[in-house]
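Each value in this text was obtained by applying a stated rule to the coordinates, not by laboratory testing. Source: prediction; values computed, not measured. Note that each Cβ is placed from the backbone with ideal geometry, even for glycine, and that neighbours are counted across all protein chains shown.
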Amino acid sequence: MRDVAFGQFYPADSFVHKLDPRTKLLAGIVYIVAVFLCTSYYSYLACFLFLVISIIVSRIPIRSVLKTVKAVLFIIIITVVINILFYSDGKVLWSWWKLTITEQGLIFASKMAMRLLFLVLSTSLITLTTTPMNLTDGLESLLTPLKWIKFPVHDVAIIMSIALRFIPSFMEEIDKIMMAQKARGASFDTGGLIKRAKALLPILIPLFVSAFRRADELAMALDARCYNATPNRTKMKKLTFTGRDVVAWVLTAAFLAIIIMLRTGFFGLL
Amino acid sequence: MLVEVKNLSYVYSEKTPFEKQALKDVSFVVDEGQSVGIVGATGSGKSTLVQHLNGLIRLKNGKITVLDIDLSAKKPDLKALRKGIGMLFQYPEYQLFADTVASDVMFGPLNFGFSKTEAEEAARRAVNMVGMDYDSVKDRSPLELSGGQKRRIAIAGVLAYRPKILILDEPTAGLDPAGKREMLSLIASLKGEEISTVITVSHNMDEIAEFSQRVLVMNNGKLLYDTTPSELFYRLDVEALGLSLPHTVRIVRLLKEKNIILPEVLTEKDLVAALLAYAGGRNA
Amino acid sequence: MSETVISVENVSYTYKSSQNETVGVKNLSLSIEKGDFVAFLGHNGSGKSTLAKLLNGFLLPDEGKVFVEGTDTADEAKTYEIRSKVGMVFQNPDNQMVASVIEDDIAFGPENLGVEREEIVRRVDWALETVKMSEYRTRTPFKLSGGQKQRIAIAAILAMMPEVLILDESTAMLDPEGRKEVLDTVKRLNKEKNMTVILITHYMDEALEADKVFVFSEGSLIKGGTPREVFSDFGAVEKAKLLLPVATAAGKALVEAGIKINVPLTDEELAEEICSLK
């Protein structure tokens, strides 16, 4: 639990780490769009290559990147299995009761699996290379136009930043409470579902009590720091794009272009 | 021999950028009837060490035997272990969860296989032992109690299952002077009649000087000294370890610099007696 | 020439909930001069923290008035001005940080006040330097020791350029080393920057170097004066359920046994007194 104490951020000195968070967020969105535009195997290959190159450039060990897939592996497998078993069009390879496996189904499921994998890996790459704070700043900056429709961008950013700030505190707290209850003989991994759920109460209740206490104290601390004193709040940090970001934009644009060309068959040129 | 630790080492977050060696080759033995203080700067490995004794951190390197339970075994009997070695964490009042004092104190006993009536009896005994009246608090919510009272109830929650060994992590942290005094006299009263062995982790050297017969000094994950308080405070260089001297010892040392030799006292009571004896000799 | 920063005039405050009423403070009057280092002593529920919250306008008196540099804290238009002038550091270092990076946390106050960007950067530099934490600027507060976290909390308040710094039991949760770090920091601020400091604590030995000590019990001020005056009043100390420093307690025992010494406040003073016995 202590390993992930500070979000997922993996400290390293790399091209990707140094990019402006807005660049990474936008590139992430472009990549996701691209993944959904993929039809042919060539386009999947392009997505794969773009991802692999980004990972290599980020200097994060492949193992750490792959670890992030572990959490959602179950969902991916379930999706694949359901798609294989219930996809009924195409050449039938095997069939039993209402379940059939078809060639189309296999192809569809494998594409689905690739899409999910690419999505998870690309978003993980962003969170691995960007501190939560930076990510919040980037998001706040990208959302700024929403101020026009009276969307409270600042407040949302503060809420996010405080939430991020307290995640490690709560993880540590859960750790402590669990140990204390274990010391009193509690066990969290035996018995049926209901028994296990009930066993969580001695953790959840102190956690909630502590959350309220923290919220109370935090509210006072915010007041002491004059939160809401003026509508003209200033910001110390200003995000700035550098030459690096321009390089990243160009590469991302080129990648998107390739995907679109592959989808349209190079506008009929091939 | 109640506790035996042999060549214990531990590394947090192994093979990640956050890797940290918390314990290095720690060995010691605790016998029945001792009051042991564990001291050391923050991050010296004190907490990691005591969490091992209770099986809360899985033993990786070394050997630990507590109450004849071998923790290096494949599946040590953790229930029996935890019943025998009660552990109170820092700010134990934050772990209270039940809707009534009675059910919170009964939580431990029920987990350790007491019957409902046995658990209730145990709770009554334990709550009375920490100086509160069971019948008047049993149906109250633990959250309504004052800070000092909450901590007493948390202690009762551990005493209720009658552990042989009690581990206390900073038992007086955050209490006001009155609460602190009550807590210290409570701990002193438990030792002997109820608990045979008390292990206290503390930053407060005055409290260590007052209550421990033996001190384990942790430094950077190593057990640096295993000694007595008077040896530690009068012979060894405590300040170099980032620890302070108890006031009693400082006063005796200051007087020694002025060529006034007093006995090497540790407690405030003994200091006053020594000063009175000295002053009386002067006046006569 | 001393100049009054805070004056409290016949203030009473009662906490009211649907079931019951608890006295916070009753009929308190005191004043604090610019550049003073003042300690508020008392056990839990003695009224010392309630008073602190009345000083920066978190609570408004039921009766009486509190003035900060002549401004009534009840004046709603001045609420934020008063809060930025009377900065408060709290007990739990973990629950007063809003950002995951130290410099962002320190910038939060001045950002809220709408201070110019360049000025914020200057203030963050200055505040970090003042608490001697400059090298931690871009790190996360999460891995710091308790004492370091509280120094960051102090820096975060300093960045608002307050006139008065209140530490509301900010040492209670720290180990001895952390307590010393925090106390050294505020003492230095008081001496070098002439910052007015109000230290709220239940440890008497932290109040030894204060210019003035106020002792509270059950919502009332029961004793005020220099540490020596206050600590020699054993009756007041007992009434306030405080714990005398070891040297003072030992000195008291000697005095009570008929030995003629002055009541010592520190270990050194006790040693001197014993030495002077002839």
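Amide H contacts of B:Phe97 (H built 1.01 Å from N, in plane; Pro and chain starts excluded): no residue 5 or more places away or on another chain comes under 5 Å. Of the residues A:Ile260, A:Tyr227, A:Ala186, the one whose Cα sits farthest toward the positive end of the charge dipole of chain A, with +1 on the Cβ of Lys and Arg and -1 on the Cβ of Asp and Glu, is A:Ala186. Potential lengthening of the chain between B:Glu19 and B:Ala240 amounts to 76.9 nm, from the contour at 0.36 nm per residue minus the alpha-carbon distance. Place a point 7 Å from Cα of C:Asn10 in the direction of its Cβ. Which residues in segment C:19-40 have their backbone N less than 11 Å from it? Label zone hits: C:27-28. Projecting the Cα atoms of C:Ser49, A:Phe15, B:Ser212 onto the dipole axis of the protein assembly as shown, where Lys and Arg carry +1 and Asp and Glu carry -1 at the beta carbon, places A:Phe15 farthest toward the positive end.
By the beta-carbon count within 10 Å of each Cβ, the least crowded to most crowded order of B:Glu4, B:Glu19, fewest first, is B:Glu19, B:Glu4. If the chain linking B:Ala178 and B:Ser9 were pulled fully straight, counting 0.36 nm for each residue of separation and taking away their Cα-Cα distance, it would gain 56.9 nm.
If R₀ is 60 angstrom, what is the calculated FRET efficiency for the pair A:Trp148 and C:Asp62, using the beta carbon separation as r and rounding to 0.05?
Numbers: r = 45 Å, r/R0 = 0.75.
Efficiency for this residue pair is about 0.85.
What is the dipole size for segment C:4-243, taken about its Cα centre, with +1 at each Lys and Arg Cβ and -1 at each Asp and Glu Cβ, in debye to the nearest 20?
340 debye
Extending 7 Å from the Cα toward the beta-carbon at both C:Asp184 and A:Ile53 defines two label points whose distance is 5.4 nm. Remark: the protein assembly as shown carries a charge dipole of roughly 3200 debye about the Cα centre, counting +1 on each Lys and Arg Cβ and -1 on each Asp and Glu Cβ.
Taking the DSSP beta bridges with both ends in chain B, the antiparallel portion is around 50 percent. Based on DSSP H segments of at least four residues, each scored -39500 (n - 2.57), chain A has a per-residue ellipticity at 222 nm of -23500 deg cm²/dmol.
The residues C:Asp104, C:Asp205, when put in order of fewest to most other Cβ atoms within 10 Å, stand as C:Asp205, C:Asp104. What shape does chain B take by its C-alpha gyration tensor, where a ≥ b ≥ c are the square roots of the eigenvalues and a/c under 1.5 counts as rounded, a/b above b/c as prolate, and the rest as oblate? Here chain B falls in the oblate category. Taking the centroid of alpha carbons for each part, segment A:128-164 and segment B:223-243 are 51 Å apart. Averaged over peptide B:246-252, the number of partner chain Cβ atoms lying within 10 Å of each residue's Cβ comes to 5.
Against chain C, whose longest principal axis comes from its Cα atoms, helix C:246-256 is set at around 30 degrees. Dipole orientation for chain B: of the candidates B:His52, B:Pro229, B:Val198, B:His52 has the Cα lying most toward the positive pole (charges on Cβ; Lys, Arg +1; Asp, Glu -1). In terms of the mean number of neighbouring beta-carbon atoms within 10 Å, the peptides A:135-145, A:254-264, C:192-202 order highest first as C:192-202, A:135-145, A:254-264.
As a rough footprinting exposure proxy, the listed residues C:Asp184, B:Asp237, A:Asp223 were ranked by other beta carbons within 10 Å of their own, and the order from fewest upward is B:Asp237, C:Asp184, A:Asp223.
For the pair C:Lys34 and B:Ala80, label points projected 7 Å from Cα toward Cβ lie 7.4 nm apart.
In whole angstrom, how far apart do the alpha carbon centroids of segment A:176-233 and segment C:214-238 sit? Segment A:176-233 and segment C:214-238 have Cα centres spaced 38 Å from each other. Peptides A:245-253, A:149-157 ranked from most to least packed by the mean count of surrounding Cβ atoms within 10 Å: A:245-253, A:149-157.
When +1 charges are put on Lys and Arg Cβ atoms and -1 charges on Asp and Glu Cβ atoms, the dipole computed for segment B:1-42 relative to its Cα centre reaches about 240 debye. Relative contact order of segment B:3-238, taken over Cα pairs closer than 8 Å and 6 or more residues apart, is 28 percent. Taken as Cα centroids, segment C:57-98 and segment C:182-196 sit 20 Å apart, rounded to the nearest whole angstrom.
Is the shape of segment B:1-98 best called rounded, prolate or oblate, per the rule: a/c under 1.5 gives rounded, else a/b larger than b/c gives prolate, else oblate, with a ≥ b ≥ c the square roots of the Cα gyration tensor eigenvalues?
Because its axes are fairly even, with a/c under 1.5, segment B:1-98 counts as rounded.
Between rounded, prolate and oblate, where does chain C land on the alpha carbon gyration tensor, with a ≥ b ≥ c its root eigenvalues, rounded for a/c under 1.5, else prolate if a/b exceeds b/c? In terms of gyration-tensor shape, oblate.
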